[in-house]
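**Student:** So that we are looking at the same thing, I have put the structure below in structure tokens.
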Ligand code: ZN
């Protein structure tokens, strides 16, 4: 939670300074943490990953790579305009062996009350909350052991298109 707050502080700082443009490009991760004023520096032990979802029901990345043992701070931005009841997006990193289709059906059943995360997140390594257009959320977690994992959006019907590989090297 602390880290989340510090990220938001940093974002506010960057805006208020009006200094260097911190343009977020589509293919480069948001380098939050390059400022000297933040404790959230990127090094071999931690990495920041930026992911965006839009109103076309698409993530801007189909593959994310990190290293085993790194502390990953993933920031998801919903760059669309639609409400989260219509076009909600989250980032859900599934535990190995979790079937995307089965999980997605359970997520739909769990519904909005559970923020579309079934069984209290027992099949999930990490996830953000569900976002609507214009919203941003971060989640920080330790990268699991080396391997290939699936990430999805668990909003009903979205995982068919909104999915990718989270690769731990
Ligand atoms: Zn979605």
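**Student:** If we only count strands (runs of 3 or more DSSP E) wholly inside the stretch 39-98, which ones have 2 or more residues that are away from the ligand (no atom under 16 Å from the Cβ)?
**Tutor:** Answer list for the stretch 39-98: 46-53, 63-66, 71-78.
**Student:** Would it be correct to say that residue 133 is within 14 Å of residue 52 (Cα to Cα), at pLDDT 95 or above, within 13 Å of the ligand (Cβ to nearest atom) and not in a loop (DSSP other than H, G, I, E, B)?
**Tutor:** No.
**Student:** Then there's this: Inspect all residues belonging to the stretch 78-95 and state whether any of them is surrounded by fewer than 21 Cβ atoms within 10 Å (Cβ to Cβ), within 19 Å of residue 169 (Cβ to Cβ) and in contact with a strand residue (DSSP E or B) (Cβ under 7 Å, 6 or more places away or on another chain).
**Tutor:** yes
**Student:** Does residue 77 fit the bill of being closer than 14 Å to residue 150 by Cα and touching a residue at least 24 places away in the same chain (Cβ under 8 Å)?
**Tutor:** Judged against the criteria, residue 77 is not a match.
**Student:** Something else: Go through (1) within 17 Å of the chain's Cα centre (by Cα); (2) under 15 Å from residue 144 (Cα atoms); (3) without any contact (Cβ under 8 Å) to a residue 12 or more places away in the chain one by one and return the number of the condition residue 97 breaks.
**Tutor:** (1)
**Student:** When the stretch 136-169 is examined, which residues are found to be within 16 Å of the ligand (Cβ to nearest atom) and touching a helix residue (DSSP H, G or I) at 6+ places or on another chain (Cβ under 7 Å)?
**Tutor:** Listed by number, the residues that qualify are 150, 152, 154, 156, 159, 163.
**Student:** Also, I was wondering about something else. Return yes or no: is residue 122 at pLDDT 95 or above and either surrounded by fewer than 12 Cβ atoms within 10 Å (Cβ to Cβ) or within 22 Å of residue 62 (Cα to Cα) (or both)?
**Tutor:** yes
**Student:** I've got another one for you. Could you pull out the residue among 108, 159 that is assigned to a helix (DSSP H, G or I) and in contact (Cβ under 8 Å) with a residue 12 or more places away in the chain?
**Tutor:** So the residue among 108, 159 that is assigned to a helix (DSSP H, G or I) and in contact (Cβ under 8 Å) with a residue 12 or more places away in the chain is 108.
The values are calculated or read from the model by the stated rules, or taken from the named source; none is laboratory data. These numbers come from a predicted model, not from an experiment. Cβ coordinates were reconstructed from backbone atoms using ideal geometry, including for glycine residues, and neighbour counts include every protein chain displayed.
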